1. Please give the number of the condition ALA61 fails out of (1) under 18 Å from the mean Cα position of the chain (by Cα); (2) open to solvent by less than 20 Å² (accessible area, probe 1.4 Å); (3) modelled with pLDDT of 90 or more.
2. Filter region 101-116 down to the residues that are part of a helix (DSSP H, G or I) and of a type in the set (Gly, Ala, Ser), then identify the one that is nearest to GLY33 (Cα to Cα).
3. Which residues, taken from region 242-270, are assigned to a loop (DSSP other than H, G, I, E, B), among the aliphatic types (A, V, I, L, M) and open to solvent by less than 50 Å² (accessible area, probe 1.4 Å)?
4. Exactly one condition in (1) in contact with a Pro (Cβ under 8 Å, 6 or more places away or on another chain); (2) open to solvent by less than 70 Å² (accessible area, probe 1.4 Å); (3) of a type in the set (D, E, K, R) is not met by LYS225; state its number.
5. Could you give every pair whose Cβ atoms fall below 9 Å, whose first residue belongs to region 111-135 and is of a type in the set (Phe, Trp, Tyr), and whose second residue is at pLDDT 90 or above, counting only separations of at least 6 or pairs across chains?
6. What single numbered condition from (1) out of contact with any strand residue (DSSP E or B) (no Cβ under 9 Å at 6 or more places or on another chain); (2) closer than 30 Å to GLY66 by Cα fails to hold for SER299?
7. Could you tell me whether any residue of region 388-397 is of a type outside the set (A, V, I, L, M), at pLDDT below 90 and open to solvent by less than 30 Å² (accessible area, probe 1.4 Å)?
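The values are calculated or read from the model by the stated rules, or taken from the named source; none is laboratory data. From a predicted model like this one, the values you see are computed outputs, not experimental measurements. As a convention, Cβ positions derive from the backbone with ideal geometry for all residues, glycine included, and neighbour counts pool all protein chains shown. Note: accessible area is taken over every heavy atom of the protein model, side chains too, but ligands, DNA and RNA are not part of it. Shrake-Rupley method; radii C 1.70, N 1.55, O 1.52, S 1.80 Å.
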Amino acid sequence: TPPLRRASARSSRIDPFGRRSMSASSSPPPEGGPPSAIRLLAAGQRGEALDVAPVYGPCEAVNVPGKGRGLVASANVPANGLLLLEPALASSATYTDLAAEVCRLVEADSGDVTLLKQLMSLSCWGRPPSSVPALPESGEGEGFMKRQPRSGSPEEFEAAKALLPVEEANAGQTAEDFSARLQRHLELVARANAFRSAVDPLGALAWHALAPQEQRAVAETDPGKMPSPRVSLFLRASLFNHGEAANACWLVAGSVILVRASRTITKGEEILLSYWPDVDAADASEHGLLEGFGMSGSSIGDALELTLSAEQRQQLVDLKQLPVGVANRLAVAGSASDVAALFDDVASYLNSELTKAEAALPKNLRAFLEPRFFQAQLSLQQAAILAARGDPERGAKLE
C-alpha cells in the first residue's frame, strides 16, 4: 500500500495529512509541476510508487440520473487540461489482495471511521446505480470523496460497522466476523472501481517484440522481468462514469492516476472516461462488463455496436479478426521469393476485406481502427520497397 505522501516544499496550501495539495489553477511549483505522463510510465515500468501530492482539477461531484453519482466540470476545461492527479489508496496484483490491503487500512489503529464511510458509499460489482447513496445536499461536491485524515474513536468505529450491508454475512461467516465480511464487500468495491495497469520492467514494446520462445526464456530465467498486472483503488477517481464517447483519458502508473481532458469540456458537462479503452461496447457486453458495472446500453452513450443486426454482428467479429489474418499472411515474408509481390497480395486482401466491411457496417466503429492502421503501414512498406527497387513514382502514389 502506498504510504501517505510526505509534503514537499512546493505549494500554496497544506492538506490535513501535512502534504501540500494543489488545485489545477495553482501556479506551477518550482520543480515543474505534477509528474508528466513519461515520468509516470517510467515509474510504472519499475514498479515504483511515486511520492506525489494530489492535484484536484475543476471537477465537482453531483448526482447523475441513472448512474448514481459522477463528476462534472466546475469550469471550462481546455483539451489536455488536468482534471485529476491522485495517489492510490492501495495497489495490488489482484482484487482479493487489493481488498485485503484496503481492509487493513480501515482497521488499523482502532479503525478509520471516515475511510470506512467513504468505502461503504462506493458502488459494488453487479449492483445497479440505485444502490449507491446519493450525494449529500451540503454543497460538498468539490471536496467529496477525497482522502481525509484518520478520524473517529474506537467507539465511533464500532458504531460505523453497522454501515456494512447485512447481506455480506453469509457463506458460513458469523455476524461478528466483521473483517471477513468487510473484505468480501471491499472485493466487490474493488471490482467496480479499481483501475488496471501493469508493472512492465522491460517496457511493453520490448516485451511484445520478443519471440514466444524468448518470452518463455525470460519467464524461466528472470521472472521478475515479466509484465505483471496491478489494480489500484482511488477515492476521487472512483466517481468518474463510463461513456463510449469519452471526453477524458486516464493513465495509471507509479501508483498514481492521471486524468486529462481529451477535448474541450464545458462547465457543467459530465466528465466521462472509457472503462475499457481496448475493447468496444459489443465485447464489453459479451464479457459481462455492462452487467457487472450496472450499466445499460442507454446509460453509456452512443454505442453503435449494440444496435447492429445479427448479420452485422458476425461481420463485426470478422472485422476484428482481420489484423490476425494480415499478420498470418505476412509471417511468410522471410521465405518469400518476391517480398514486394507478397506485400501487394496482402494489401489487396486487406483493402478488399475493408471495402466489404465498410459497405456493411458504420464506418466510425472502433473496430476499424486497427485494420486501417495496418493498411497505412502496408502502404508505407510497399512504397519503401518500390523506391528501393527504382520505382519511386508508384511508391510516391502509395504514400
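1. Unmet for ALA61, out of (1) under 18 Å from the mean Cα position of the chain (by Cα); (2) open to solvent by less than 20 Å² (accessible area, probe 1.4 Å); (3) modelled with pLDDT of 90 or more: (1).
2. The residue in question is ALA108.
3. Listed by number, the list holds a single entry, ALA246.
4. Tallying (1) in contact with a Pro (Cβ under 8 Å, 6 or more places away or on another chain); (2) open to solvent by less than 70 Å² (accessible area, probe 1.4 Å); (3) of a type in the set (D, E, K, R), LYS225 fails exactly one: (2).
5. So the pair list comes out as TRP125/TYR95; TRP125/GLU187; TRP125/LEU188; TRP125/VAL189; TRP125/ALA190; TRP125/ARG191; TRP125/ALA192; TRP125/ASN193.
6. For SER299, the exception is condition (1).
7. Scanning region 388-397, I find at least one residue that is of a type outside the set (A, V, I, L, M), at pLDDT below 90 and open to solvent by less than 30 Å² (accessible area, probe 1.4 Å), so the answer is yes.
Here is a yes/no grid of residues against (1) closer than 23 Å to SER262 by Cα; (2) open to solvent by less than 50 Å² (accessible area, probe 1.4 Å); (3) in a loop (DSSP other than H, G, I, E, B):
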residue	(1), (2), (3)
GLY33	yes, yes, yes
VAL72	yes, yes, no
LEU83	yes, yes, no
GLU86	yes, yes, no
SER91	no, yes, no
THR96	no, no, no
ALA99	no, yes, no
GLN118	no, yes, no
